[in-house]
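The structure appears below as structure tokens.
Computed from the coordinates by the stated procedures, all read-outs in this text should not be read as laboratory data. Keep in mind that this is a model prediction, so the values were computed, not measured. Glycine gets a Cβ as well: all are built from the backbone with ideal geometry, and neighbour counts include every protein chain shown.
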């Protein structure tokens, strides 16, 4: 492992769930030169502004966690924004990092890069082997482009730009918006409100049969730093120049029905759970093959029950109107 605690590290997207977790993990390890900027301070879609920012700082490492993200509803409703904004963010940051001599960068992608009907569990080699899930294709295309941008700078300029593909993430700092959130925060919010209001029933979108894998964001942060700190020779031994991304998963999946029941139990909701099959299910199954990462010495620390309890406690502590006596 390569670790210099005086390294100047820029975490792009530090206000997002993953960015917050990466900053917290780096700080806990003792990194003392962490640079962050809010969206108001630096619009990563603005190429000139990004270039000026890199010119003004002697950045040595970049964690590219900034992105426009959302669930099925948001991806379906705003496909142009999802592909445009994510392409601009990653192109500007990766190119500016190269232009200003940054040797190490970590690009955070998404498991949605894999084909809708990819063989399960999905290995890194499944990339570009079939059609994507239609509901989030624009976002997936942008993330695939980020992988290939990183690989292209590695191939042409001998950079060490690495990419990680997380499974579905949840935990402190998540987005609990009633329409644009992912499944775990959406269900935590819905079951909590139903408990407070004594609602007899909670209706969950879809059939409840799709299988999903979930990883606590603190585990994602530790995996990200683990991969960034791998020695170059170790990295080169385990990846290929045009297949260099690494999956980051928990290693086990559950049905949406099982997840709903577990969240209801975590929240303390005792009403009925039903499923609206007229709503889209998305991909039938999304389980990552994380054996490559495991061979590099990393394992998750949160199981799903522990992680959901942690996420629910954070929600109660940080959202007005949901705190219980």
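Please give the peptides 106-115, 48-57 ranked by average Cβ packing (other Cβ atoms within 10 Å per residue), highest first, as a rough proxy for protection.
106-115, 48-57
Which percentage, to the nearest 5, of the DSSP beta bridges contained in the range 176-325 is antiparallel?
DSSP beta bridges in the range 176-325 are roughly 35 percent antiparallel.
Which percent of Cα-Cα pairs in the range 60-160 sits in each 5 Å bin, short to long?
2, 13, 23, 20, 18, 14, 7, 2, 0
Share of Cα-Cα pairs in the range 220-325 beyond 21 Å, in percent?
Details: 3103 of 5565 pairs.
For the range 220-325, the fraction of Cα-Cα distances above 21 Å is 56 percent.
Considering only 200, 79, 210, give the residue with the highest GNM mean-square fluctuation for the chain, with springs between Cα atoms whenever their separation is below 10 Å.
Judging by the Gaussian network model, the answer is 200.
Once each part is reduced to its C-alpha centroid, what is the distance from the range 247-325 to the range 36-80 in angstrom?
Comparing the Cα centres of the range 247-325 and the range 36-80, I get a distance of 27 Å.
Do me a favour and compute the ellipsoid semi-axes for the range 265-314 from its Cα gyration tensor, root of five times each eigenvalue, largest one first, whole Å.
Details: eigenvalues 168, 87, 10 Å².
Ellipsoid half-lengths, sorted descending, are 29, 21, 7 Å.
How high is the relative contact order of the chain, in percent, counting Cα pairs under 8 Å that sit 6 or more residues apart? Present the calculation step by step, with values, prior to reporting the outcome.
Details: 594 pairs, mean separation 64.6, N = 325.
RCO, the chain: 20 percent.
If you take every DSSP beta bridge whose two residues both sit in the chain, what share of them, in percent to the nearest 5, is antiparallel?
10 percent
Which of rounded, prolate or oblate describes the chain when judged by the alpha-carbon gyration tensor and an a/c cut-off of 1.5?
Details: a/c = 1.74, a/b = 1.53, b/c = 1.14.
Because a/c hits 1.5 or more and a/b exceeds b/c, the chain counts as prolate.
Mind putting together the pair-distance distribution for the range 112-170? All Cα pairs, 10 Å bins, whole percent per bin, short to long.
Pairs per bin, as whole percents: 21, 49, 25, 4.
Just want the ordering: 10, 157, from fewest to most Cβ atoms lying within 10 Å of their own Cβ. Mind showing how you got there, number by number?
Numbers: 10 23, 157 10.
Neighbour counts put them in this order, fewest first: 157, 10.
Given only helices, namely DSSP H runs of n ≥ 4 each adding -39500 (n - 2.57), what is the per-residue ellipticity at 222 nm of the chain, to the nearest 500 deg cm²/dmol?
The helix contribution divided over the chain gives -13000 deg cm²/dmol.
Give the order of 124, 229 when sorted by the count of other beta carbons within 10 angstrom, beginning with the fewest.
By the 10 Å Cβ count, ascending, the order reads 229, 124.
Given points 7 Å out from each Cα along the Cα-Cβ axis, report the residue 76 to residue 3 separation in nanometres with one decimal.
Result: 4.5 nm between the two label points.
Report, to two decimal places, the Cα Rg of the range 69-112 normalised by 2.2 N^0.38 Å (N = number of residues).
That ratio works out to 1.42.
Relative to the first principal axis of the alpha-carbon coordinates of the chain, what is the inclination of helix 304-318, with its axis defined by its Cα atoms, in degrees from 0 to 90 and to the nearest 10?
Between helix and principal axis, roughly 90 degrees.
Can you give the angle from 0 to 90° between the axis of helix 137-157 and the longest principal axis of the chain, with both taken from C-alpha atoms, to the nearest 10?
Tilt relative to the chain: about 20 degrees.
Describe numerically, in nm with one decimal, the distance between label points set 7 Å from Cα along Cα→Cβ at residue 279 and at residue 32.
Label-label distance for residue 279 and residue 32, simple model: 5.0 nm.
With N set to the residue count of the range 2-108, report its C-alpha Rg divided by 2.2 N^0.38 Å to two decimal places.
1.09
How do 286, 104, 195 line up, fewest other C-beta atoms within 10 Å first?
195, 104, 286
Rounding to the nearest 10 and keeping the result within 0 to 90°, find how far the Cα-based axis of helix 79-99 lies from the longest principal axis of the chain.
30 degrees
Give me Rg/Rg_expected for the range 87-136, where Rg uses Cα atoms only and Rg_expected = 2.2 N^0.38 Å with N residues.
Expressed relative to 2.2 N^0.38 Å, the Cα Rg reads 1.49.
Can you tell me how the range 14-68 classifies by the Cα gyration tensor, rounded, prolate or oblate, using a/c under 1.5 as the rounded cut?
Details: a/c = 2.54, a/b = 1.39, b/c = 1.83.
Because a/c hits 1.5 or more and a/b fails to exceed b/c, the range 14-68 counts as oblate.
Which whole-number percent is the relative contact order of the range 249-323 (Cα, under 8 Å, 6+ apart)?
On the way: 27 pairs, mean separation 31.9, N = 75.
After rounding, I find 42 percent.
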